[in-house]
Every structure is written in structure tokens, then in C-alpha cells.
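Just below is one structure, and these are the notes that go with it.
All of the numbers you see were taken from the coordinates with simple rules; none came from a lab. In this text, all values refer to a predicted model and were calculated from it rather than measured experimentally. FYI the Cβ positions are ideal-geometry reconstructions off the backbone, even for glycines, and counts take in every protein chain you see.
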Amino acid sequence: MQSKISQYTSEIEAFEPKTAEELEAFRIKFLGTKGIIKDLFDEFKAVSPEEKRVLGKVLNQFKQLAEAKFNDFKDSFSGESQNKADGEDLTLPGEGFELGGRHPLSLVRKEIVEIFKRLGFVVAEGPEIEDDWHNFSALNFPEEHPARDMQDTFFVAPIPGENVDQEKKGEYALRTHTSSVQVRLMEAGKPPFRALMPGRVYRNEAISARAHCFFHQVEGLYVDENVSFADLKQTLYYFVQELYGEGTKVRFRPSYFPFTEPSAEMDISCTICKGAGCQMCKYTGWVEILGCGMIDPNVLENVGIDSKKYTGFAFGMGIERITNLKYQIKDLRLFSENDIRFLKQFQTEII
Ligand code: DAH
């Protein structure tokens with residue numbers, strides 16, 4: 001029995017399981033209910049009392065050795081109880097996480113706002129669900145006038161149970177332009193006004209590379225005594241130089257908006273070909289970036305401002321358009337599809 005134990009002892013000492021299965025086989029062989037240790041204890045019962053004194057100690061040590069070996073390896077094969085910190089270098093730097101970046105439209109909006117802030121403009125906002133008065137009537141769009149068709153409107157039903165002015169029932173719409181914020185601002189205060197109004201606008205258009213059912217605008221408003229078209233031109237000229245770089249040319253073309261008189265559209269020399277002619281400017285050398293004009297006296301009167309005393313100018317531009325010209329993006333849909341491969345290209349600035 002002694003020699004058997006010493007033979008098994010060296011076997012156990014040399015045992016190095018590589019897998020959980022090997023360890024389990026070891027357990028069954030030595031510690032199992034029909035295992036070697038059980039057999040040895042059975043044999044032990046039959047030996048003489050003198051032998052028992054010596055052998056008992058040897059046998060118990062042998063059993064402890066087998067159990068210790070099994071316990072040593074048990075943990076390393078059972079995933080859950082594995083102590084993760086063991087063997088890991090806790091002094092290594094942690095895994096960094098990627099910071100997000102601003103959306104290109106937010107970057108450009110921020111840039112526009114910052115340029116006008118330097119001229120003393122403040123930022124104002126208004127609701128996206130707007131009533132007919134603020135979106136159209138106060139802005140001098142006559143009832144049933146075709147000018148209302150310039151902007152395909154999404155009309156919205158009032159929310160059931162909402163406390164809605166019965167007269168205005170059915171007259172709510174998603175705002176078609178940020179010009180509605182001009183009205184709210186002027187109604188709520190007294191001149192002078194010098195404000196910039198960025199926001200999302202909606203039009204009932206089929207989605208394509210060149211049109212979308214929602215987009216973003218920035219509206220500008222300047223009302224005071226003695227504001228002239230020269231102020232309008234100089235303000236917008238400064239804006240263009242700051243945004244697109246010195247030397248960018250501007251030109252004004254007569255246009256029509258119900259809320260301004262005279263009205264104009266402003267073009268800049270093409271940012272891509274610098275006027276030589278390319279696809280972006282359709283080989284004209286110029287690209288339109290905004291609408292503007294002197295605020296129609298009717299609008300001032302509609303919001304309770306004395307049009308004999310005050311004059312003002314307004315302008316409105318699409319942020320997508322400004323961004324396209326800055327970054328040469330040809331498909332409007334990219335702005336709202338959240339394709340990370342597109343958005344990552346603008347991570348120039350950390351939030
Ligand atoms: N609201 C016009 C549009 O959405 C843009 C615009 C034109 C705004 C002239 C103005 C303006 O304030 O003076 O097409």
C-alpha cells in the first residue's frame with residue numbers, strides 16, 4: 001500500500017491539466033466515489049493496528065494532496081469564478097472611448113451665429129408648429145394669394161383636447177420658414193431689434209438629393225431708425241467675407257417676397273471655381289445663398305411698429321445650402337441619414 005501511495009503521489013505532483021475535462025478525469029480517478037482514494041481507505045480498514053498508525057497519517061496526507069491539486073485548478077477552468085484582476089496589469093491605461101463631434105449643420109450654424117454676434121445680433125427662437133398669422137398673414141401673404149403656394153405647407157390638425165383658439169382651428173402648420181420668428185420677436189418687444197433666428201423648417205416636398213421635407217434656415221432681422229438698404233448690403237457683405245473668405249464677391253438681384261420691399265436675392269462668386277464656371281454654379285460663376293430685403297411697412301404695422309419712424313431689413317438663408325457650398329456636399333439626404341462615415345468627416349471640433 002505504501003508503494004502504491006508513493007507512486008500515486010508522484011503522479012499527482014506531476015499532474016498539470018490543460019482542460020477542464022482533464023481535471024474532471026483526475027477528480028473521478030482519485031476523489032470520485034469509486035476512486036483510488038476510496039479504494040485505499042477500504043484497504044486501510046483491513047491492515048493491522050501497528051500499520052494503521054503509520055499508514056493513517058500517510059493516507060490522510062495523500063488525500064489532502066489530491067484535494068489541494070484539484071482545488072488549485074478548479075477556479076482557473078470555471079469562467080464565472082475566475083478572478084479577472086489576477087494576472088492582469090492594472091497599471092495599463094484604460095481603453096479610451098471616442099468622443100462625438102458636431103453635425104456639419106450645427107458647425108455651420110454656429111459659425112453663422114458667431115459672425116453675426118460680432119455685429120451685435122442676438123439669437124432668438126420660435127415654435128416649429130406655427131399658426132397662419134405668424135407664418136403667413138402677418139408677413140403680408142394675402143389670403144388666397146398665390147405667394148402662399150411658394151411654400152408647400154404641411155398643415156397639422158390641432159391636438160385633440162388641446163386648448164386651441166376656435167377661430168384658428170385648422171390653421172396650424174409646420175412652419176415653412178423662420179420668418180415667422182421675426183413676427184413673434186417684433187410682437188413681443190419694442191425696436192431696435194437685431195436678431196438672428198436659426199431653426200428647422202418644413203415643406204411638403206418629395207425627398208431627393210436636392211430637396212427635403214425638412215431643412216434648416218437662419219433668419220436675420222434688423223429694425224431701427226434710419227436703417228437703409230446700404231446697411232443690409234454692408235452687413236451681408238461682411239458676413240460673406242467672414243464665412244467664405246476675403247475676396248468672395250457678392251451681387252444682389254431684384255426678387256419678390258411678400259414681406260420685403262424692395263426684395264433681393266444675393267449671390268456669391270462660386271466658392272468652388274472662384275467664378276470660372278463649374279457644375280456647382282452651373283457655369284455661371286455665381287451661386288445664390290439667400291433672400292433679403294427691406295421689411296415691408298405692412299409687416300411693421302402688423303406687429304405694431306410705426307413704419308414712419310422705423311425701417312429695417314431682413315434676410316433668410318438655408319443652412320444646408322451654405323454647408324453644401326462650404327463642404328461640397330451634393331446630396332441633401334446625407335444630413336439626416338446619420339451615416340457615421342459621413343458624419344466622422346466633420347469631427348473637427350469636440351463638443
Ligand atoms: N423666408 C424666405 C424663404 O423661406 C427667405 C427670406 C427671404 C427671408 C427674404 C427673409 C427675407 O427674411 O427678407 O424662402
Please give every one of the aspartates and glutamates within straight-line cross-link reach of K29, meaning a C-alpha to C-alpha distance under 14 Å, and leave out same-chain neighbours fewer than 8 residues apart.
E11, E21, D39, E67
Where the only charges are on Cβ atoms (+1 Lys, Arg; -1 Asp, Glu), what is the dipole of the chain about its Cα centre, to the nearest 20 debye?
800
In terms of the charge dipole of segment 2-86, which places +1 on Lys and Arg and -1 on Asp and Glu at the beta carbon, the residue among A46, N71, Q7 farthest towards the positive end is A46
Tell me, for the chain, which Cys residues have no other cysteine's C-beta sitting closer than 4.7 Å.
C213, C292
Under 10 Å, Cα contacts only: if you run a Gaussian network model on the chain, which one of Q64, Q279, Q151 comes out with the highest mean-square fluctuation?
Q64
Rounded to the nearest 10, the angle in degrees between the Cα long axis of helix 49-77 and the longest principal axis of the Cα atoms of the chain comes to 20
Angle, helix 229-244 long axis vs. longest principal axis of the chain, Cα atoms, 0 to 90°, nearest 10?
30
Picking from G32, G94, G291, which is most flexible by a Gaussian network model of the chain using Cα springs under 10 Å?
G32
Which value, in Å³ per residue, describes the convex hull spanned by the Cα atoms of segment 213-351?
150
Quick one: angle between helix 2-14 and the longest Cα principal axis of the chain, in degrees between 0 and 90, rounded to 10, please.
20
If you average 1/r over all unlike Cα pairs in segment 104-346 and invert the result, what Kirkwood radius do you get in angstrom?
18.8
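Once the Cα gyration tensor of segment 2-86 is found, what semi-axes does its equivalent ellipsoid get, as square roots of 5 times the eigenvalues, in whole Å, sorted largest first? Please list the in-between numbers first.
Working: eigenvalues 172, 28, 23 Å².
Result for segment 2-86: semi-axes of 29, 12, 11 Å.
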Dipole of segment 104-346, positive end: most advanced residue of N302, F259, Q241 [Cβ charges, Cα centre]
Q241
Just need the relative contact order of the chain here, percent rounded to a whole number, with Cα pairs under 8 Å and 6+ apart.
16
Give the peptides 180-192, 48-60 in descending order of average Cβ contacts within 10 Å, highest first.
180-192, 48-60
